[in-house]
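Okay, so here's the structure we're looking at.
The values are calculated or read from the model by the stated rules, or taken from the named source; none is laboratory data. A quick note: this is a predicted structure, and the numbers were derived from the prediction, not measured. Reconstructed Cβ throughout: ideal geometry from the backbone, glycine too, with neighbour counts over all protein chains shown. For accessibility, only protein heavy atoms count, side chains too; no ligands or nucleic acids. Shrake-Rupley method; radii C 1.70, N 1.55, O 1.52, S 1.80 Å.
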Amino acid sequence: MTNDDDELPGSEACFAHLLVDGHVVDPQTWQDVSAFRKAERTRLYAARQGVSPAERKANTAQVSRLLTEMLGDISQRTIAVYWPIRGEINLRPFMIAAVARGARICLPVVVEKRQPVEFHRWTPDCSMARGLWDIPVPADAEPLDPDVVIVPLLGVDEQGYRLGNGGGYYDRTLARLPGDLLRIGVGQGFARMKTIFPMPWDIPMKRVVLSDGTVTRHGDHRS
């Protein structure tokens, strides 16, 4: 997903406040938080570049194993995963294994810019097409409603709030899904941060799995 944190949403005619998804936000606060997040993204993207191919393979195996243990019996469950970009943990082996164990796997698809994504069914042999920003998506749209969403994270803070690529698509989507949905963030071991300075629209993860074997549980801050 692209980074639009730098853009100030709201009315250009009146900057006394910003209204974002029903939340009133002070523009100076948002500018400060946006600058901080931009700097952290730069730092964390650089750290990802230092991960060797062997480490990437080991990270995939580690996170896949931890997710498998965490989720247990996944037959008949619908799990949203993601197609890896920009050095994200590659969960395609996990996806293939999950389908073999009876789960339905789906991928996020942007159907309209700046709107919640849809989740379309994926299978190991399905045809893929280029979606927005050339991210591969299932060619044949079969929307599903997941009961588990596995979300890539660039950074994550002590409360489970994630720093993503900045497009805001996951937060828009998760805000509109059931509160009991299991939200799992996955990322590199160096993703831990003290805080991302969460804004009202940020959605915390309920579980976080990192490549160094760290697994944390977080309360649902929005329930």
Q. Roughly what angle does helix 27-49 make with the longest principal axis of the chain, taking Cα atoms, 0 to 90 degrees, to the nearest 10?
A. 30
Q) Stretch Cys126-Gln76 to full length: gain in nm at 0.36 nm per residue minus the Cα-Cα span? A) 16.1 nm
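Given 4 °C and 1.567 mPa s, compute D for the chain with the Stokes-Einstein relation, Rh being the Kirkwood radius over Cα pairs; round to the nearest whole µm²/s. Could the numbers behind the result be given before it?
On the way: Rh = 18.1 Å.
After rounding, the answer is 72 µm²/s.
Averaging sequence separations of C-alpha pairs under 8 Å and six or more residues apart, then dividing by the length of the range 76-143, give the relative contact order as a whole percent. Can you show the working numbers first?
Numbers: 109 pairs, mean separation 18.6, N = 68.
Rounded, it is 27 percent for the range 76-143.
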Q.
Could you derive backbone 3J(HN,Hα) for the range 85-96 from the dihedral phi with the Karplus parameters 6.51, -1.76 and 1.60 (θ = phi - 60°), listing whole Hz in sequence and x where the residue is Gly or Pro?
A. 9, 6, x, 5, 4, 8, 9, 4, x, 4, 4, 4
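Relative contact order (percent) for the chain, with alpha-carbon contacts under 8 angstrom and 6 or more residues of separation? Provide the component values of the computation, followed by the final result.
Values: 406 pairs, mean separation 43.2, N = 223.
Across the chain, relative contact order equals 19 percent.
Over the chain, average the accessible area per residue using a 1.4 Å probe and give it in Å², no decimals. The partial results should precede the final answer.
Working: 10750 Å² over 223 residues.
Here the residues of the chain average 48 Å² of exposed surface.
Rounded to a whole number, what % of the accessible area of the range 45-198 do carbon and sulfur atoms account for, probe 1.4 Å? Please list the in-between numbers first.
Details: 3520 of 7020 Å².
C and S fraction of accessible area: 50 percent.
Go through 47-59, 115-127 and give me the packing order, highest mean Cβ count within 10 Å leading. Intermediate results must be reported in sequence, preceding the final value.
Details: 47-59: 12.7, 115-127: 16.2.
Top to bottom by mean Cβ count within 10 Å: 115-127, 47-59.
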(Q) At 7 Å along Cα-to-Cβ for each site, give me the label-to-label distance between Asp26 and Asp140 in nm. (A) 5.4
**Q.** Largest to smallest principal axis extent of the C-alpha atoms in the range 58-190, angstrom
**A.** 33, 33, 29
Q: Give, rounded to the nearest 20 debye, the magnitude of the charge dipole that the chain has about its Cα centre when Lys and Arg contribute +1 at Cβ and Asp and Glu contribute -1 at Cβ.
A: 720
